[in-house]
Amino acid sequence: MREKSFRTRAIHVGNEVDAATGAVVPPIHLASTFQQPGAGEWGEFDYSRSGNPTRTNLQTTLTSLEGGCGSLAFSSGMAAIHCVTMMLKTGDHVIAGCDLYGGAYRLLHKICDRSGVTVTLVDMTDLAAIESAITDNTKLIWFESIGNPRLSIPDLKAIASLAKSKDIRTGVDNTFATPALLRPLELGIDIVMHSATKYLGGHSDCMGGTLSVADQALFDELYFIQNATGAVLDPLSCFLVTRGLKTLDLRVREQSKTALELSQWLQQHSCVKSVLYPGLASHPQHELARQTLQGGFGAMVTFELDGTIAQTANTCESTKLFRLAVSLGAVESLIEQPATMSHASYDAADRARFGITDGLIRLSVGLESMEDLKADLDQAFSASS
Ligand SMILES: *Cc1c(COP(=O)(O)O)cnc(C)c1O
């Protein structure tokens, strides 16, 4: 039988009609423990840290969307990344993208280093640089399918095949792209991670993280760590992410459309020095973005003003519709200053080295109308100039 389309699977897979009641939306299972058929005989579920029906439903839906053999849902995106780093041992080396979420930077540099894991940050758009950073101890290459905050686009297929040839695992944070635009497992990546707090949930009302993999042995290893350490996603949040997934494709495509138009408009604006958006011909990896992302270039837009750190902050504080907040990926638009907010956990020297300048502003474009968002930015530029 022909495989059903992404949108159909997002609504139906993992959302079977409840056999007991006929409810078309599966109930939320809050039980922490489950009655067993006998002593030492185990049913499908025994204890909710090890497995919970509502969590299973979410994991089933997500596996259908990302591809692969299985997914795991965690209490946050950071808990999901932490699970991956717990596979590492003293002496292991990690190569990570230099255009990286601030929390991932902090985990690698300030927690993993305590157990003797070393990290090298590399420009993931430079394959030769990745290759030359590889050592005999390199065990993991970790990066984002759309970088943060500079929205760089790496060549996932090339990085996956380089890593495979050296027996190194690859992990991709697919939070910005979502499976609606890009499915890294199909390109040979070993582990796909999401902050479900963002687009998967989509409404700024729950936190969560996920991992999806295509290899059963790797899945078993990650499941073992998750069950042993316990950062599982609670049933209510599982339900909210599952509900969010039903409209993921619609939301991401519509928000990407608005983001493209907004970035074209920003590019022409006299107050704006430059715009970083993968959908613009001026983006350094625009061609690769066209091949890699399907149906849109994402809804994150980064641009640069000529101003100081204070002037840029003033612009961010002057919007009325765009909320001044970290996080992203929801129906309401957000604005933030990476240097003082999302990337404040970077060392100042690394911020300078990786282009996280004082004038940088990052937008998460929501589902409001294009005209209202444009007008809001326009008035913020006037108010702060
Ligand atoms: C938010 C975010 C994370 C961390 O996820 P939490 O749910 O906040 O723990 C990781 N990567 C990216 C790209 C993010 O935006």
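The values are calculated or read from the model by the stated rules, or taken from the named source; none is laboratory data. Since we're looking at a predicted model, the values are computed, not measured. Cβ placement follows ideal geometry from the backbone for every residue including glycine, while neighbour counts extend to all protein chains displayed.
With the structure loaded, tell me whether GLY97 is touching a strand residue (DSSP E or B) at 6+ places or on another chain (Cβ under 8 Å), within 13 Å of the ligand (Cβ to nearest atom) and more than 29 Å from THR242 (Cβ to Cβ) or whether it fails that test. Let's see the steps before the verdict.
Details: touching a strand residue (DSSP E or B) at 6+ places or on another chain (Cβ under 8 Å): yes; within 13 Å of the ligand (Cβ to nearest atom): yes; more than 29 Å from THR242 (Cβ to Cβ): yes.
Considered against the rule, which asks whether it is touching a strand residue (DSSP E or B) at 6+ places or on another chain (Cβ under 8 Å), within 13 Å of the ligand (Cβ to nearest atom) and more than 29 Å from THR242 (Cβ to Cβ), GLY97 comes out as yes.
Of everything in the range 192-217, what is crowded, with 24+ Cβ neighbours inside 10 Å, under 17 Å from ALA163 (Cβ atoms) and more than 13 Å from the ligand (Cβ to nearest atom)? Give them in sequence order.
VAL213
Which residue, of THR292, THR312, is more than 15 Å from the ligand (Cβ to nearest atom) and more than 20 Å from GLN267 (Cβ to Cβ)? Before you say what the answer is, go through the steps one by one.
Working: THR312 fails: more than 20 Å from GLN267 (Cβ to Cβ).
Just one listed residue meets the conditions, THR292.
For (1) closer than 28 Å to VAL301 by Cα; (2) modelled with pLDDT under 95; (3) within 16 Å of the ligand (Cβ to nearest atom), each residue gets a yes or a no:
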position: ILE111; (1), (2), (3): no, no, yes
position: THR120; (1), (2), (3): yes, no, no
position: ASP136; (1), (2), (3): no, no, no
position: ASP155; (1), (2), (3): yes, no, no
position: ALA160; (1), (2), (3): yes, no, no
position: ASP173; (1), (2), (3): yes, no, yes
position: ARG183; (1), (2), (3): yes, no, no
position: GLY188; (1), (2), (3): yes, no, no
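Based on what the data block shows, is ALA348 within 16 Å of the ligand (Cβ to nearest atom) and more than 17 Å from the chain's Cα centre (by Cα)?
Numbers: within 16 Å of the ligand (Cβ to nearest atom): no; more than 17 Å from the chain's Cα centre (by Cα): yes.
When the stated conditions are applied, ALA348 does not pass them.
Which residues, counting only those in the range 218-241, are away from the ligand (no atom under 16 Å from the Cβ) and more than 22 Å from LYS89 (Cα to Cα)? Reasoning before the result, please.
Taking the range 218-241 and keeping what is away from the ligand (no atom under 16 Å from the Cβ), we get 218-225, 227-228, 235, 239.
If the condition is that a residue be away from the ligand (no atom under 16 Å from the Cβ) and more than 22 Å from LYS89 (Cα to Cα), then PRO235, PHE239 are the ones that fit.
Tell me which residues, restricted to the range 250-286, are among the charged types (D, E, K, R), in contact with a Gly (Cβ under 8 Å, 6 or more places away or on another chain) and more than 17 Å from LEU360 (Cα to Cα).
Restricting attention to the range 250-286, the residues satisfying the condition of being among the charged types (D, E, K, R) are 251, 253-254, 257, 261, 273.
Applying the additional criterion that residues be in contact with a Gly (Cβ under 8 Å, 6 or more places away or on another chain) yields 251, 253, 257, 273.
Across the range 250-286, the qualifying residues are ARG251, ARG253, LYS257.
I'd like to check something: does the range 366-375 contain any residue that is over 20 Å from CYS271 (Cβ atoms) and touching a strand residue (DSSP E or B) at 6+ places or on another chain (Cβ under 9 Å)?
To start, the set of residues in the range 366-375 that are over 20 Å from CYS271 (Cβ atoms) comprises 366-369.
Imposing the further condition that a residue be touching a strand residue (DSSP E or B) at 6+ places or on another chain (Cβ under 9 Å) reduces the set to 366.
Yes: the range 366-375 contains one or more residues that are over 20 Å from CYS271 (Cβ atoms) and touching a strand residue (DSSP E or B) at 6+ places or on another chain (Cβ under 9 Å).
Which one is surrounded by the fewest Cβ atoms within 10 Å (Cβ to Cβ), of the residues in the range 129-147 that are in contact (Cβ under 8 Å) with a residue 40 or more places away in the chain and touching a Lys or Arg at 6+ places or on another chain (Cβ under 8 Å)?
Start the filter on the range 129-147 by keeping residues that are in contact (Cβ under 8 Å) with a residue 40 or more places away in the chain, which leaves 135, 137-147.
From what is left, the residues that are touching a Lys or Arg at 6+ places or on another chain (Cβ under 8 Å) are 138-141.
Numbers: THR138: 20, LYS139: 17, LEU140: 23, ILE141: 27.
Out of the qualifying residues, it is LYS139.
Suppose the filter is within 12 Å of SER385 (Cα to Cα) and modelled with pLDDT of 95 or more; does SER318 pass it? Steps first, please.
Values: within 12 Å of SER385 (Cα to Cα): yes; modelled with pLDDT of 95 or more: yes.
Taking the combined requirement at face value, the residue satisfies it.
Please count how many residues of the range 156-212 are aliphatic (A, V, I, L, M), under 17 Å from LEU88 (Cα atoms) and in contact with a Phe, Trp or Tyr (Cβ under 8 Å, 6 or more places away or on another chain).
Residues that pass the stated criteria total 2.
Across the range 41-88, which residue is farthest from the chain's Cα centre (by Cα) among those that are within 15 Å of the ligand (Cβ to nearest atom) and in a loop (DSSP other than H, G, I, E, B)?
Per the criteria, the residue is SER75.
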